[in-house]
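**Q** What follows is a structure written as structure tokens; I'll ask about it next.
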Amino acid sequence: MKIPKLLFSPVLMIVLLLVLAAALATATFVEKDFGSHAAWAMFYDTHWLELLFALLAVNMAGQVFVYKMYRKEKLTVMLFHLAFILIIAGAAVTRYTGFDGIMKIREGETAATVKGDKVITLPFALRLNDFIVERYPGSNTPSGFKSLVTIEDGNRKIPFSIYMNHILKYRGYRFFQSSYDSDERGTILAVSHDPAGIAVTYTGYILMFLFIVLSLFSRKTFFNTVRPGYWSSKLRKGVAAVILLATT
């Protein structure tokens, strides 16, 4: 009975969250210093990181039943756990069912294939009408660039401009402005297709937002019942210090 009790304990949840925070923070520094390939090889594309997320999801799901969080008075805590579980599940769906690749188009040409782990043909095509590189005044340094495209889907022709923070979303595919050809007459678009993963993840975000709102207004939540002496415990002080270090 000790193993299930430990597996579904809040202490294990805190430990897993701290380990994940430390791992992801380290991955960020590795990516900055050694590149994205090193970060993916050491962290993002590893089974041990998947195992940590899986353990966290199992831990939170078990707590819902062990601590009877489905009761009315614990609704906000259950929302927090469900939100985290869905966000983790969404990441798993994205990892195993999503698709990422690139699309290269020259000015005046049309493309319907994406290069990734495998080449796929889209159910529509993109035509690059013009590619524009904007530069800082009095300088040859690019300040931004955008692709003026037309979506060609049967008889439908839809114009659209793709640039930073202006993503083309069409039929479950997302097109991001990534780079361009050296002669500035061709664009390179990053393409992703993950409707299921996005739906699950966004549902988790909605539940997390709902948890925050209910926590602020409910009288029985931690935010409204905590007292100044709550952090006098050495254990709680230590946990707070570790969380602060992990997030800075």
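The values are calculated or read from the model by the stated rules, or taken from the named source; none is laboratory data. Predicted model, so just to flag it, every value in this text is computed and none were measured. When we count neighbours, we look across all protein chains shown, and the Cβ atoms used for this are built from the backbone with ideal geometry, even at glycine. These accessible areas exclude ligands, DNA and RNA; they are computed on the full protein's heavy atoms, side chains included. Shrake-Rupley method; radii C 1.70, N 1.55, O 1.52, S 1.80 Å.
**Q** Kyte-Doolittle cut-off 1.0, length cut-off 27 Å along the helix's own axis using Cα: show which whole DSSP H helices in the chain pass. Show your work: numbers first, answer last.
**A** Details: long enough: 10-34 (35 Å, 1.87); 47-66 (28 Å, 1.47); 75-97 (32 Å, 1.75); 195-217 (33 Å, 1.90).
Qualifying helices, which must be both long enough and hydrophobic enough, are 10-34, 47-66, 75-97, 195-217.
**Q** Compute from the Cα atoms of the range 129-183 the Rg and the Dmax, the latter being the longest Cα-Cα distance, and quote both in angstrom.
**A** 13.2, 44
**Q** Tally Lys and Arg at +1 and Asp and Glu at -1 over the other residues with C-beta under 13 Å from the C-beta of ARG185: what net charge comes out? Could you put the intermediate results ahead of the total?
**A** Numbers: positive: LYS104, ARG106; negative: GLU107, GLU109, ASP130, ASP181, ASP183, GLU184.
Net of charged neighbours comes to -4.
**Q** Before I look further, what does the range 1-133 give for accessible area per residue, probe 1.4 Å, in whole square angstrom?
**A** On the way: 8070 Å² over 133 residues.
On a per-residue basis, the range 1-133 sits at 61 Å².
**Q** Show me, bin by bin at 5 Å from 0, the whole-percent P(r) of the range 1-53 based on Cα pairs.
**A** The percentages, shortest bin first, are 4, 20, 22, 19, 14, 9, 7, 4, 1, 0.
**Q** What whole-number value in cubic angstrom gives the convex hull volume per residue for the C-alpha atoms of the range 122-213? Write out the running numbers ahead of the final one.
**A** Working: hull volume 13.1 nm³, N = 92.
Dividing the Cα hull volume of the range 122-213 by its residues yields 142 Å³.
**Q** Beta carbons within 10 angstrom, averaged per residue: use that to sort the peptides 190-201, 76-87, 164-175, highest first. Don't skip to the answer; put the middle values down first.
**A** Numbers: 190-201: 17.8, 76-87: 20.4, 164-175: 14.2.
So the order, starting with the most tightly packed, is 76-87, 190-201, 164-175.
**Q** Cα convex hull of the range 62-103: mean projected area in nm², to one decimal?
**A** Values: hull surface 15.4 nm².
Value for the range 62-103: 3.8 nm².
**Q** Ignoring any ligand, DNA or RNA, what whole percent of the accessible area of the chain comes from carbon and sulfur when the probe is 1.4 angstrom?
**A** On the chain, the fraction of accessible area on carbon and sulfur atoms equals 65 percent.
**Q** A further question follows. What is the total of Lys pairs in the range 1-155 with C-alpha atoms under 21 Å apart, excluding same-chain pairs fewer than 8 positions apart?
**A** Numbers: LYS2/LYS68; LYS5/LYS68; LYS5/LYS74; LYS104/LYS115; LYS104/LYS118; LYS104/LYS146; LYS115/LYS146.
Within the range 1-155, the lysine pair count is 7.
**Q** Shifting gears a bit: Averaging over all projection directions, find the projected area of the Cα convex hull of the range 66-187 and quote it in nm² with one decimal place. Present the calculation step by step, with values, prior to reporting the outcome.
**A** On the way: hull surface 50.0 nm².
It is 12.5 nm².
**Q** Ok, one more. From the list (i) 23.5, 72; (ii) 17.5, 55; (iii) 21.0, 74, can you say which value of Rg and Dmax of the Cα atoms in Å was derived from the structure given?
**A** This structure yields the entry labelled (i).
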